[in-house]
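Here is the structure we will look at, set down as structure tokens.
Nothing in this text is a laboratory measurement; each read-out follows from the coordinates by a stated rule. Quantities reported herein were computed from a predicted structural model and do not represent experimental measurements.
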Amino acid sequence: MNETKIDIEKIVKHWIDTSDEDFETMLNLFNSKSYSWSLFLGHISIEKLLKAYYVKKNKTHAPFTHNLYRLAELNEIEMSDEQSDWLDKITSFNLNARYDDYKREFYAMCTEEFSNHWIEKIKTIRLWIKQML
């Protein structure tokens, strides 16, 4: 069997770099008052860090999932109840497969105060994951 060797360091770096770019975009979107899109990018930035950790730890490609709690679980990361609750909530910010009525409801929920609250939690989660990397 002819297996292709993957460049683990390059893949991990890619996930981290693009996560950092998405994090900056999240902040820019928040500042421009695009709160729902800001939170969506916050979700993506955490997802990419969890995938970087997965690749680094398992020496293989990350699984195809957007569920942050599931990614942390697959990484065998010990989490407090609070951290797992945050990951579940932040996963709900992923708008890719949402129905229009859910999106409208989500947009209405994304006030400046709500979004700022969750961006602070996203910052905390990112630091927590980066310390493991």
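Equivalent ellipsoid semi-axes for the stretch 1-51, as square roots of 5 times the alpha carbon gyration tensor eigenvalues: give them largest first, rounded to whole Å.
30, 10, 6
For semi-axes √(5λ) of the Cα gyration tensor in Å, the choices are (1) 27, 15, 15; (2) 25, 20, 15; (3) 46, 21, 12; which was calculated from the structure?
(1)
Calculated from DSSP H runs of 4 or more alone, at -39500 (n - 2.57) each and per residue, what is the 222 nm mean residue ellipticity of the chain, nearest 500?
Result for the chain, helices only: -24000 deg cm²/dmol.
Using the membrane-span-like helix rule (whole DSSP H runs, Cα extent along the own axis of at least 18 Å, mean Kyte-Doolittle hydropathy at least -1.0), which helices of the chain qualify?
8-31, 35-58, 112-132
Which of these, S115, S19, S32, has the largest mean-square fluctuation under a Gaussian network model of the chain (Cα springs below 10 Å)?
The residue with the greatest mean-square fluctuation here is S32.
Run the numbers on the chain and let me know its relative contact order in percent, using alpha-carbon pairs under 8 Å that are six or more apart.
29 percent
Would you please classify the overall shape of the stretch 40-93 from the alpha carbon gyration tensor, given that a ≥ b ≥ c denote the square roots of the eigenvalues, rounded means a/c under 1.5, and beyond that prolate means a/b larger than b/c while oblate covers the rest?
It is oblate, given that a/c is not under 1.5 and a/b is not larger than b/c.
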